[in-house]
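The values are calculated or read from the model by the stated rules, or taken from the named source; none is laboratory data. Computed from a prediction, not measured in an experiment: that's the story for all the values here. With ideal geometry, Cβ positions are generated from the backbone for all residues, glycine too; neighbour counts draw on all protein chains shown.
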Amino acid sequence: MRQLDHVNVVAAREVPDGMQRSVATNDLPLLAMEYCQGGDLRKVEACDISGTASSALTYLHKKRIIHRDLKPENIVLQQGEKRLIHKIIDLGYAKELDQSSLCTSFVGTLQYLAPELIERQKYTVTVDYWSFGTLVFECITGFRPFLPTWQPVPWHNKVRLKQDDDIVVYEHLSGDLCFSKHIPQPNDLNCLLLEKVEGWLQLMLKWSAQERGKCPDTTPRNCFDILDDILQLKLVHVLNMMSAKILTYSVSDNETVADLQLRIEKDTDIPAANQELLLEAGLALEPNGLATQISIDYTEIDGRRTDVPLVFLFDRWSCSYEPQFAPRTLPENIRFVQNDPKHLLAYSPLRRTCGQAWHTIRSLKEDWQRLQQGQKAAIMSLLRHNSSLSKQKNEMVSMHQRLMAKLDFFTTSLHIDMDKYQEQTATGIASEKLLCVWREMEQTAVSCGQAKVSELEEEMMQLQPDIVDVQRQPWRSGEALDTLEGKAMELFRKLREKPRDQRCSGDSQEVVRLVLQAVQFYEKKLRDFYTHLSKTAVCRHRVMELLPKVEGVVQKMAESEQVLMSLQEKRQRELWNLLKVACSKVRSPVSGSPDGLRTPSSVPPLLTPRQSLQQL
């Protein structure tokens, strides 16, 4: 024991001298073990136990040690610096492989023992495979895979009839014995992990010790390598807000969000160009970003964490969301008692039925909470876009005011110039081309001030009350599901804590009533929720329509501002050209000369023909 050194195997400690003298009452050796203050596996949720226990067993097997008594009570918890650490303890039944591997007596806890140990046959490390598979199955479902309440002899006679890939044998409420290759519902595995873990359990729970744990293909990988591959998967969970269903994808390190969207398109028929993937904060994922930025690494998740990060899928061009009332698949026991709630069940199946009812109501509550998160993401996205729209609006109003000021200055100065020009034409310099150009300038300037600012402002003002209204979230109340879950949990707790001498049969009327109330409440709230989500989508659509319009008006006003500046500069140049001509006329020969006799109408053109300002 003192030679073992692994983070997931409990360490041996030296027995203090004082304790050695006071405790040792006979010649039996004392073994001091590391203290782990977190309790055993039955006291916490243990979804991440597989990786740590697998690592510990691999280490022990490399040291040629078989544990032989792996069970939840023999895995304890130690608080590490960043996360809980699982440690295998109670190596009292552990045996080195180079010792005799013939089982001459029952060892360990019968419910987790491999068949060859019960049969007192020769055994190898594969006995730990059976115990480990049983342990993982129980962590997933809450009960052991093979007739957990049966006595050893009838248990052995029935379970040995299972096929190699059967991973569960159970007694139906009707009394029939059922064999299955699939993990029973309810459980918390997503569809992708469920299929892979089922395949792994089929390896670990084979009746034949020689075949147990062997990979079906020709690769040299063992069962722990396969489990490690499963645990190393990087998964992205996408909640489709159109259907309220979660899609799960395994992504590679170099896969982009755009690649992921193509896979989503195949599953949802929503074109990738129409997809909007939002985080809970309302931030949209960029298509060129890596998909791993939103993936979950299950090797880094603490066992106490129950929330799963989600990405929310919206159709950016859809303004109508309809509630999806596809029949919810209820657990087998719940379906059975729905037909006859007064049917009496023995204590064990009654307790499991209560547990399934609790899980069903909790699942409804969690589905409701996830939809709320999606609505929150939609509202946050709406507010972000509305904030951008407000900034554009402020810029539009400011630029419009500046443009109107420049336009007023331009037209006022232009009219002054034209009036003064008319006053001097009789005795001064005249140019019909110049006057025509100035009149065209006036028309161009008028067109510069014809932006649809007031119309857009009015449309945005009408939108704001609707945006405020969707933030009130009238659908938020979900206390009824919390209450129903609490009642189901209390019902299950009372059954579980009943003294053995008081455990008797009972009906399922209360169980059925709680489940029906939860389903009815969920469906009613779902209608209100999708009505509200549609309003949010309409507001977002209006904002997204206004944004390019406002941007276009701002761009047009910026161009108009440049046109006004060009017109102003052009007119000033022409005025200076007039001044230059007037000065040259003053310096011309005496009035008797031919040049001095020119009339204003004979003054040579001051300006070359110019293009119309409308073509500038």
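Taking region 333-373 on its own, how many of its residues are in contact with a Leu (Cβ under 7 Å, 6 or more places away or on another chain) and part of a helix (DSSP H, G or I)? Full working, then the answer.
Step one: list which residues in region 333-373 are in contact with a Leu (Cβ under 7 Å, 6 or more places away or on another chain), which gives 333, 336, 345, 349-351, 353-354, 357, 360-361, 364-365, 368, 370, 373.
Checking the rest, the ones that are also part of a helix (DSSP H, G or I) come to 333, 336, 349-351, 353-354, 357, 360-361, 364-365, 368, 370, 373.
Matching residues across region 333-373 total 15.
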For this session: Taking the residues in region 368-418 that are among the β-branched types (Val, Ile, Thr) and either farther than 22 Å from residue 552 by Cβ or surrounded by 17 or more Cβ atoms within 10 Å (Cβ to Cβ) (or both) as candidates, determine which candidate is modelled with the highest pLDDT.
Result: 379
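Yes/no per residue for (1) modelled with pLDDT of 95 or more; (2) of a type in the set (A, V, I, L, M); (3) part of a loop (DSSP other than H, G, I, E, B):
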residue	(1), (2), (3)
236	no, yes, no
239	no, yes, no
242	no, yes, yes
247	no, yes, no
276	no, no, no
280	no, no, yes
Seminar exercise, completed: residue 326 passes all but one of the listed conditions (1) at pLDDT 90 or above; (2) over 30 Å from residue 496 (Cα atoms); (3) not in a helix (DSSP H, G or I); the exception is number (1)
Exercise. So is residue 479 under 30 Å from residue 577 (Cα atoms) and either modelled with pLDDT under 85 or touching a strand residue (DSSP E or B) at 6+ places or on another chain (Cβ under 6 Å) (or both) or not?
Worked result: no
For this session: Run down 270, 246 and say which single residue is of a type outside the set (Asp, Glu) and in contact with a Cys (Cβ under 9 Å, 6 or more places away or on another chain).
Result: 246
Seminar exercise, completed: Only unsatisfied item for residue 293, checking (1) modelled with pLDDT of 90 or more; (2) over 30 Å from residue 364 (Cβ atoms); (3) polar (S, T, N, Q), is (1)
Exercise. All but one of (1) in contact (Cβ under 8 Å) with a residue 24 or more places away in the chain; (2) surrounded by 12 or more Cβ atoms within 10 Å (Cβ to Cβ); (3) closer than 25 Å to residue 487 by Cα; (4) not β-branched (Val, Ile, Thr) hold for residue 324; which doesn't?
Worked result: (3)
Exercise. If you check every pair at least six apart or on different chains, which have Cβ atoms under 9 Å apart with a residue in region 362-383 that is touching a residue at least 60 places away in the same chain (Cβ under 8 Å) first and a residue that is in a helix (DSSP H, G or I) and surrounded by fewer than 18 Cβ atoms within 10 Å (Cβ to Cβ) second?
Worked result: 362/489; 364/519; 365/482
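Among the residues of region 150-163, which ones are surrounded by 15 or more Cβ atoms within 10 Å (Cβ to Cβ), in a loop (DSSP other than H, G, I, E, B) and in contact (Cβ under 8 Å) with a residue 40 or more places away in the chain?
Result: 162, single match.
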Problem set entry | Residue that is in the same structural domain as residue 113 (by TED's automatic domain parsing) and surrounded by 16 or more Cβ atoms within 10 Å (Cβ to Cβ), where the choices are 171, 211, 195 | 171
Exercise. Can we say residue 145 is at pLDDT below 85 and more than 19 Å from residue 360 (Cα to Cα)?
Worked result: no
For this session: Could you tell me whether any residue of region 114-131 is of a type in the set (S, T, N, Q), at pLDDT below 70 and in a loop (DSSP other than H, G, I, E, B)?
Result: no
Exercise. How many residues, within region 211-234, are outside any helix (DSSP H, G or I) and either in contact (Cβ under 8 Å) with a residue 40 or more places away in the chain or under 16 Å from residue 140 (Cβ atoms) (or both)?
Worked result: 6
Problem set entry | Residue count, region 477-509 (criterion: surrounded by fewer than 16 Cβ atoms within 10 Å (Cβ to Cβ) and farther than 18 Å from residue 364 by Cα) | 14
